[in-house]
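First the structure, in the form of structure tokens, and then the observations on it.
The values are calculated or read from the model by the stated rules, or taken from the named source; none is laboratory data. Only a predicted model underlies this, so the values are computations on that prediction, with no experimental measurement involved. Using ideal geometry, Cβ is built from the backbone for each residue, glycine included, and neighbour counts are taken over all protein chains shown.
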Amino acid sequence: MDISLYIHFPFCLRKCLYCDFNSLAGSRIAPDAYVAAVVREMELRAERLPASAAAPTLYFGGGTPSLMEPDQVARLIEAAAKLFGLMDDAEVTIEANPGTLTLEKLAGYRAAGVNRLSLGVQSFSDEMLVFLGRVHTAREALDSFAAARAAGFANIGIDLIHSVPGETPAGWREELAQAVRLGPEHISAYALTVEEGTPFHLLEKEGQLPLPDEEEGVAMFRDTAALLRAAGYEHYEISNFARPGFRSRHNQLYWQRGNCLGFGAGAHSFLRSPAYGVRWRNSLSPEAYLQAVSRAVLAEEELTPLAERDAMAEFFFLGLRLLDGVAPAQFCREFGITVEEAYPGVLAQLLAEGLVETREGFVRLTGRGLDLANQVFVRFL
Amino acid sequence: MVIENIRNFSIIAHIDHGKSTLADRLLEYTGALSEREKQDQFLDKMDLERERGITIKAQTVRLNYRADDGRDYVLNLIDTPGHVDFTYEVSRSLAACEGGLLVVDSSQGVEAQTLANVYLALDNNLEVFPVLNKIDLPAAEPERVKQEIEEIIGIDAHDAVLASAKEGIGTREILEEIVKKIPPPQGDPARPLKALLFDSWYDQYQGVVILVRIIDGVLKKGDKILLMMNGSSYETLKVGVFAPVMREVPALSAGEVGFVIAGIKEVKDAKVGDTVTLLHNPCAAPLAGFKEVKPMVFSGLYPIDTVQYEQLRDALAKLKLNDASFSYEPETSLALGFGFRCGFLGLLHMEIIQERLEREFNLELITTAPTVVYRVHKVGGEVITIESANLLPPVQEIDHVEEPFILASIHVPNEFVGAILALCEEKRGVQREIKYLTPTRVMIVYELPLNEVVLDFYDRLKSISKGYASLDYEQLDYRRSELVRMNILINGEVVDALSLIIHRDKAYYRGRDLVSKMKELIPRQMFEVAIQAAIGTKVIARETVKAMRKDVLAKCYGGDITRKRKLLEKQKEGKKRMKNVGNVELPQEAFLAILKVE
């Protein structure tokens, strides 16, 4: 049984205005203490878990994990390898924010065993970066990217955000062109989502967030796919693009419902057994997390065992995010009944509406289906 | 009990003027209500009644009172329903009394409803004396209100009792006035039984309970009784009084008020206003004034979830057990599926029934726009009555259509007169009278088509008068009008549940307003949705709900999955509450929009 690993580093220099992740600015917790706690948590978890195959991926997410020094990252990777095992060719990713990186630091990450960098560029426009509340400039992003290359990173992904207030489809196309010129292996392009509890949400409620209209949003979404495909990127997930061979192995596991153990405050975990699987997360507050771990307690919260129907729904609403789609035969293997038995008439209806198509044993979203993915997903709930 | 020591009375008051609280004080003072039984507003039994502060079913209670003259009296308080829809029931309850307390809020003054009921009481030759309630309020103006009572109603108010039911002020004085001012009942126990049935309800353990006022004769347990208008006979199983809980007595004699249980199965066999007599020794003639009450307002009730159809049917049957004035029969709508066309006495009655269905029976309902009963004169001379727009024959078969009119009396402070007149004119009203009752209070009388009143008249009346206007109405006649059927089409398909009969001159305006309101309420679908209003084949208004272009979550990683599943579940739940018309999903609100058009 493969289990991937995720380590959450919940601290940031400053919280971005759209961010609803578990991240905190200005914490008094020393990074060393936090890292030690995560190692301790891994030990506690490993004691309770039967031995499993070496992990295919390890992912440092945040927050801003690139606030960690290379030796801290090295300690975590060593602990993970020792306690759970890491495959020889394991994908080890760290999320990094421009402005927190130096060539030296990047080389240190490489030496520690990190082989993939996910760079939070977000935009090549300083104006946009200020609007989003980012701490870096476009210049710093380009410098960081170059430094990563110089440090030997051959697998770099960048994140971009579109549909930002004030943005036009033409402006976004220009951003995409810059991204292509930069030439990362992987590009995640997200429409700005206004999440509850963020400053943007407040602004939206007050009518102060002039988001692009729906037509423009659709145009940006469509342009992203067209331009990046033309530049040799595969569109493999609703918001993700990669050069052949460079899809994020770790992230694909989320959509394929692979096992993943999360460590650190607010980290999420999923195991496919017992029964139809179980999801949980750790305490959001780093303080509570540290305290629990110091008492040798796993800070598990929101433990959610999945019912058969939940697992089936996940199979579709996660699996269909991948452009390869889902295989009805695999559904049948996992659940012991056919898709038609579980969802009578649903596939036929979706085909008739032009929202999905079938190819070589897979069901996948059409272009229209991608635009209206939620409308497809709800049919499987 | 000697007949001279009986007093039968009711309390006449506008909603909120404190009738129920006053009744509680009378019960308490006379010891009818022990501390243990004390619960505010004892007489309003249903939760709904208590919440709305109105009485739907008449209640009656016997009070024992030793007056200042040293004699023991039996006072029967006969509570009356408090709303315009139940005027007939009120008149029968009043017919069981010799006197009435006119309770007027000393800060508000006389309202239309009060006035209507006072007139009913005076028509029934009741001795009416005024009580000024809420005298403890800083805004109380007893002298002004006394003057108003004298000017508007024409009864002497100079020695009106000043009371505060809330504070218990004036309770004893009221009881003394009842004894002194209200005459004892007339009647002869030696004559054949003649009793007025003034209320009935269904009790699941005892069957139908009827309330009677014995006019002449004596009624005992075991007597074989005849309901004269209904023509059915029963054996009396129990007779008794409410004191305030049910208590059996050996007999009820002339002048007394009490209940009878006689194995009557359904309330429709125990109609208010019927005369109860003895099967083998009947009285010569029934009491005058019996009237069959008929539903005036109809609307379709449909379960949102079709699986609730059976539950709805059972619930309607249960409500019908207790309410003879309410009717229902199965109806099928292309848009809404299986449901029922229900008939009500009026708008409040309709609201009450709907609310009870939803609250007591946990049903989720879609209500179609209320409609009235139209008379359609067909080309061949045949006349049919219809209570649903969908039953209107094709235009070529219709010679003309008649609609019911009412005579509406609206009481309102003078600053709102202009706005109220504008509303009445807009509603196709014909002005009868504008009368200044006092320098600041005006009575506006209009002839109005009921079809306009059932839609939103009452709500608008309340809103433009800031709640100060009160309305009373009586049925007038049927009048010929230029009425047409307006259909609403969704993507070319007629939604039968949204069709309505409307005056030709108003169709264009209302059609446009309705489709634009519906545009706001219909969520975007994956395709364009056209909303049209049409008369026959002529489209008079159109709006378009643009197709949804984008509905996708940008991010869904490990930490998002549970939350996103919940979001999708919520989205799915929202879809479930919609009704599918063709392939368009319509929310419940779209069906209600028709009621909210301005």
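I'd like to know if segment B:239-256 contains one or more residues that are in a strand (DSSP E or B) and basic (Lys, Arg). Spell out how you get there, then give the answer.
Here is the first cut: in segment B:239-256, the ones in a strand (DSSP E or B) are B:239-242, B:246-248, B:251-253.
In the following step, the residues that additionally are basic (Lys, Arg) were identified as B:247.
Scanning segment B:239-256 turns up at least one residue that is in a strand (DSSP E or B) and basic (Lys, Arg).
Go through the residues of segment B:516-530 one by one and say whether even a single one is closer than 26 Å to residue B:408 by Cβ and of a type in the set (Asp, Glu).
No: segment B:516-530 contains no residue that is closer than 26 Å to residue B:408 by Cβ and of a type in the set (Asp, Glu).
Given the residues A:79, A:55, A:148, A:51, which is the only one that is touching a Leu at 6+ places or on another chain (Cβ under 6 Å) and closer than 24 Å to residue A:268 by Cβ? Even if it seems obvious, please write down each step before you answer.
Working: A:79 fails: touching a Leu at 6+ places or on another chain (Cβ under 6 Å); A:148 fails: closer than 24 Å to residue A:268 by Cβ; A:51 fails: touching a Leu at 6+ places or on another chain (Cβ under 6 Å).
Result of the check over A:79, A:55, A:148, A:51: A:55.
Condition first: among the aliphatic types (A, V, I, L, M) and either over 24 Å from the mean Cα position of the chain (by Cα) or more than 15 Å from residue A:79 (Cα to Cα) (or both). Now tell me which residues in segment A:47-58 satisfy that. First the steps, then the outcome.
At the first step, the residues of segment A:47-58 found to be among the aliphatic types (A, V, I, L, M) are A:49, A:51, A:53-55, A:58.
Residues satisfying the conditions are A:49, A:51, A:53.
Give me the pairs: first residue in segment A:16-33 and on the phi > 0 side of the Ramachandran plot and assigned to a loop (DSSP other than H, G, I, E, B), second residue aliphatic (A, V, I, L, M) and surrounded by fewer than 18 Cβ atoms within 10 Å (Cβ to Cβ), beta-carbon distance under 9 Å, and six or more apart or on different chains, which are they?
So the pair list comes out as A:26/A:13.
Out of A:296, A:329, A:288, which single residue is without any contact (Cβ under 8 Å) to a residue 24 or more places away in the chain, more than 11 Å from chain B (Cβ to nearest Cβ) and over 25 Å from residue A:242 (Cα atoms)? Even if it seems obvious, please write down each step before you answer.
Numbers: A:296 fails: without any contact (Cβ under 8 Å) to a residue 24 or more places away in the chain; A:329 fails: without any contact (Cβ under 8 Å) to a residue 24 or more places away in the chain.
After ruling out the rest, the residue left standing is A:288.
Here are some conditions: (1) within 19 Å of residue A:25 (Cα to Cα); (2) out of contact with any Pro (no Cβ under 7 Å at 6 or more places or on another chain). Residue A:95 meets all but one. Which one does it not meet?
(2)
Listed here are the residues, each with its yes/no results for (1) under 20 Å from residue A:45 (Cα atoms); (2) over 13 Å from the mean Cα position of the chain (by Cα); (3) more than 10 Å from chain B (Cβ to nearest Cβ).
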{"residue": "A:232", "(1), (2), (3)": "no, yes, yes"}
{"residue": "A:255", "(1), (2), (3)": "no, no, no"}
{"residue": "A:263", "(1), (2), (3)": "yes, yes, yes"}
{"residue": "A:266", "(1), (2), (3)": "yes, yes, no"}
{"residue": "A:269", "(1), (2), (3)": "yes, yes, no"}
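Of everything in segment B:344-359, what is more than 17 Å from residue B:310 (Cβ to Cβ) and either out of contact with any Pro (no Cβ under 8 Å at 6 or more places or on another chain) or surrounded by fewer than 20 Cβ atoms within 10 Å (Cβ to Cβ) (or both)? Give them in sequence order.
Within segment B:344-359, B:346, B:348, B:349, B:351, B:352, B:353, B:354, B:355, B:356, B:359 meet the criteria.
Which is touching a strand residue (DSSP E or B) at 6+ places or on another chain (Cβ under 6 Å), buried (at least 19 other Cβ atoms within 10 Å of the Cβ) and closer than 27 Å to residue B:551 by Cα, of A:92, A:121, A:164, A:114? Show your work before the answer.
Values: A:92 fails: closer than 27 Å to residue B:551 by Cα; A:164 fails: touching a strand residue (DSSP E or B) at 6+ places or on another chain (Cβ under 6 Å); A:114 fails: closer than 27 Å to residue B:551 by Cα.
One residue alone meets the criteria, A:121.
Do you know which of the residues in segment B:311-324 that are part of a helix (DSSP H, G or I) and over 23 Å from residue B:592 (Cα atoms) is modelled with the lowest pLDDT?
Just the residues of segment B:311-324 that are part of a helix (DSSP H, G or I), to begin with: B:311-322.
Imposing the further condition that a residue be over 23 Å from residue B:592 (Cα atoms) reduces the set to B:314, B:317-322.
On the way: B:314: 92, B:317: 89, B:318: 85, B:319: 85, B:320: 83, B:321: 78, B:322: 75.
Across segment B:311-324, the extreme among qualifying residues is B:322.
For (1) more than 30 Å from residue B:251 (Cα to Cα); (2) polar (S, T, N, Q); (3) buried (at least 21 other Cβ atoms within 10 Å of the Cβ); (4) touching a helix residue (DSSP H, G or I) at 6+ places or on another chain (Cβ under 6 Å), each residue gets a yes or a no:
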| site | (1), (2), (3), (4) |
| --- | --- |
| B:114 | yes, yes, yes, no |
| B:132 | yes, no, yes, yes |
| B:156 | yes, no, no, no |
| B:163 | yes, no, yes, no |
| B:184 | no, no, no, yes |
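Looking only at segment A:358-379, decide whether some residue is polar (S, T, N, Q), in a helix (DSSP H, G or I), facing chain B (nearest Cβ under 8 Å) and over 18 Å from residue A:240 (Cβ atoms). First the steps, then the outcome.
Initial filter on segment A:358-379 (polar (S, T, N, Q)): A:358, A:366, A:374-375.
Okay, now just the ones that are also in a helix (DSSP H, G or I), so A:374-375.
Next, only the ones that are facing chain B (nearest Cβ under 8 Å) stay: A:374-375.
This time we only want the ones that are over 18 Å from residue A:240 (Cβ atoms), so: A:375.
Yes; the residues of segment A:358-379 include at least one that is polar (S, T, N, Q), in a helix (DSSP H, G or I), facing chain B (nearest Cβ under 8 Å) and over 18 Å from residue A:240 (Cβ atoms).
I'd like to check something: does segment A:147-168 contain any residue that is away from chain B (no Cβ under 14 Å), of a type in the set (S, T, N, Q) and touching a Lys or Arg at 6+ places or on another chain (Cβ under 7 Å)?
Looking only at segment A:147-168, we keep the residues that are away from chain B (no Cβ under 14 Å), and these are A:147-156, A:158, A:165-168.
Okay, now just the ones that are also of a type in the set (S, T, N, Q), so A:155, A:168.
Then drop every residue that is not touching a Lys or Arg at 6+ places or on another chain (Cβ under 7 Å), which leaves A:155.
So far as segment A:147-168 goes, yes, one or more of its residues are away from chain B (no Cβ under 14 Å), of a type in the set (S, T, N, Q) and touching a Lys or Arg at 6+ places or on another chain (Cβ under 7 Å).
Identify, by number, the condition in (1) within 13 Å of chain B (Cβ to nearest Cβ); (2) surrounded by fewer than 18 Cβ atoms within 10 Å (Cβ to Cβ) that residue A:306 doesn't meet.
Result: residue A:306 fails condition (2) only.
Is it fair to say residue A:281 is outside any loop (DSSP other than H, G, I, E, B) and within 10 Å of chain B (Cβ to nearest Cβ)? Don't jump to the end; show me each part of the working.
On the way: outside any loop (DSSP other than H, G, I, E, B): yes; within 10 Å of chain B (Cβ to nearest Cβ): yes.
Criteria met by residue A:281.
Identify, from the list B:432, B:460, B:428, the residue that is touching an Asp or Glu at 6+ places or on another chain (Cβ under 8 Å) and under 26 Å from residue B:153 (Cα atoms). Write out each step before concluding.
Numbers: B:460 fails: under 26 Å from residue B:153 (Cα atoms); B:428 fails: under 26 Å from residue B:153 (Cα atoms).
The conditions single out B:432.
Give just the number: which of (1) within 14 Å of chain B (Cβ to nearest Cβ); (2) free of Cβ contacts under 8 Å to residues at least 12 places away in the same chain; (3) of a type outside the set (Gly, Ala, Ser) does residue A:346 not satisfy?
(2)
Return only the number of the condition from (1) touching a residue at least 24 places away in the same chain (Cβ under 8 Å); (2) closer than 27 Å to residue B:343 by Cβ; (3) surrounded by fewer than 17 Cβ atoms within 10 Å (Cβ to Cβ) that residue B:224 does not satisfy.
In the conditions (1) touching a residue at least 24 places away in the same chain (Cβ under 8 Å); (2) closer than 27 Å to residue B:343 by Cβ; (3) surrounded by fewer than 17 Cβ atoms within 10 Å (Cβ to Cβ), residue B:224 misses (2) alone.
Scan segment A:329-351 for residues that are of a type outside the set (D, E, K, R), surrounded by fewer than 16 Cβ atoms within 10 Å (Cβ to Cβ) and part of a helix (DSSP H, G or I) and jot them down. It would help to see each step written out before you state the result.
Narrowing segment A:329-351 to residues of a type outside the set (D, E, K, R): A:329-332, A:335-339, A:342-351.
Okay, now just the ones that are also surrounded by fewer than 16 Cβ atoms within 10 Å (Cβ to Cβ), so A:329-330, A:332, A:336-338, A:344-345, A:348-349, A:351.
Once the filter is applied, which keeps residues that are of a type outside the set (D, E, K, R), surrounded by fewer than 16 Cβ atoms within 10 Å (Cβ to Cβ) and part of a helix (DSSP H, G or I), segment A:329-351 yields A:329, A:330, A:332, A:348, A:349, A:351.
Considering only segment B:96-131, how many residues are touching an Asp or Glu at 6+ places or on another chain (Cβ under 8 Å) and among the charged types (D, E, K, R)?
Here the count works out to 3.
If I ask for residues that are within 14 Å of chain B (Cβ to nearest Cβ), in a strand (DSSP E or B) and not charged (D, E, K, R), which ones from segment A:237-251 would you list?
Scanning segment A:237-251 gives A:240, A:241.
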